[in-house]
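Asks: Mind looking over this structure? Questions follow.
The values are calculated or read from the model by the stated rules, or taken from the named source; none is laboratory data. Source: prediction; values computed, not measured. Cβ atoms come from the backbone with ideal geometry, glycine included; neighbour counts cover every protein chain shown.
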């Protein structure tokens, strides 16, 4: 596997796509990003001191309907990394990693589909380690502030790479997703409403209960009372 290290790049997800025509898995790491991206086109603050990497992983026969497993694997890898250094991470459905009720890590997945299968996936991960939070302290946390012994950026990056290269299971994802029974606010199609989270289904959807009954969310933004 090719691993490339950069001092600065606009976006590791954008940069790594130059390797999409090959067949070899690739990881690109950057000390900082000038145009880091999160979900829904949001910017992702990427000051030096964090871990910013993307992995191009080819599909291995994964069906398109099982593409959620790519995101689940990324979230589990991030959780295992945080846990390795002494944190107690949780996954906020579907893929944000929280520690102490604040966001530690963001994940952006871009799948390349072909013939009903995932031909390749671009897995982007940004994790706060010792980087400045620039006024986001109320909603974000650094790994160095959540563990007894602050780790180095290199140690966190290397651990994350190792976990990404290993396999994980849906059961591991569910073990980090402690959302059952929590009161949440769901934002969907410009409407926000209260609900109770029940469980994450095997296909990645979130089963919720509202005053109208039980249903499953495939895509929505939720706020959780941690």
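Asks: Can you tell me how many residues in the stretch 200-226 are touching a helix residue (DSSP H, G or I) at 6+ places or on another chain (Cβ under 9 Å) and on the phi < 0 side of the Ramachandran plot?
Replies: Qualifying residue count, the stretch 200-226: 5.
Asks: Checking the condition more than 24 Å from residue 14 (Cβ to Cβ), in a loop (DSSP other than H, G, I, E, B), modelled with pLDDT under 95 and in contact with a helix residue (DSSP H, G or I) (Cβ under 8 Å, 6 or more places away or on another chain), which residue from 94, 150 passes? Lay out the reasoning, then the answer.
Replies: Working: 94 fails: more than 24 Å from residue 14 (Cβ to Cβ).
Being more than 24 Å from residue 14 (Cβ to Cβ), in a loop (DSSP other than H, G, I, E, B), modelled with pLDDT under 95 and in contact with a helix residue (DSSP H, G or I) (Cβ under 8 Å, 6 or more places away or on another chain) holds for just one of 94, 150, which is 150.
Asks: Only one of (1) surrounded by 15 or more Cβ atoms within 10 Å (Cβ to Cβ); (2) more than 17 Å from residue 31 (Cα to Cα); (3) touching a helix residue (DSSP H, G or I) at 6+ places or on another chain (Cβ under 8 Å) is not met by residue 116, so which one is it?
Replies: (1)
Asks: Name the residue that is modelled with the lowest pLDDT, counting only residues in the stretch 54-66 that are in contact with a strand residue (DSSP E or B) (Cβ under 7 Å, 6 or more places away or on another chain) and surrounded by fewer than 24 Cβ atoms within 10 Å (Cβ to Cβ). Spell out the reasoning first.
Replies: At the first step, the residues of the stretch 54-66 found to be in contact with a strand residue (DSSP E or B) (Cβ under 7 Å, 6 or more places away or on another chain) are 54-59, 61-64.
Going one step further and asking which of them are surrounded by fewer than 24 Cβ atoms within 10 Å (Cβ to Cβ), we end up with 57-59, 61-64.
Numbers: 57: 96, 58: 93, 59: 83, 61: 90, 62: 92, 63: 93, 64: 92.
Residue satisfying both the conditions and the ranking: 59.
Asks: If you take the residues of the stretch 67-96 that are touching a strand residue (DSSP E or B) at 6+ places or on another chain (Cβ under 8 Å) and free of Cβ contacts under 8 Å to residues at least 60 places away in the same chain, which of them is surrounded by the fewest Cβ atoms within 10 Å (Cβ to Cβ)?
Replies: Applying the filter and picking the extreme gives 88.
Asks: For the stretch 48-68, how many residues are in a helix (DSSP H, G or I) and within 12 Å of the chain's Cα centre (by Cα)? Please lay out each step first, then the result.
Replies: Initially, the stretch 48-68 is screened for residues in a helix (DSSP H, G or I), giving 64-66, 68.
The next check asks that each one be within 12 Å of the chain's Cα centre (by Cα); those that pass are 68.
Looking only at that region, the number is 1.
Asks: Out of the residues in the stretch 198-212 meeting the condition of being crowded, with 19+ Cβ neighbours inside 10 Å and within 20 Å of the chain's Cα centre (by Cα), tell me which one is modelled with the lowest pLDDT. Spell out the reasoning first.
Replies: Step one: list which residues in the stretch 198-212 are crowded, with 19+ Cβ neighbours inside 10 Å, which gives 200, 204, 206, 208.
Now restrict to residues that are within 20 Å of the chain's Cα centre (by Cα): 200, 204, 206.
Numbers: 200: 89, 204: 86, 206: 91.
In this case the residue turns out to be 204.
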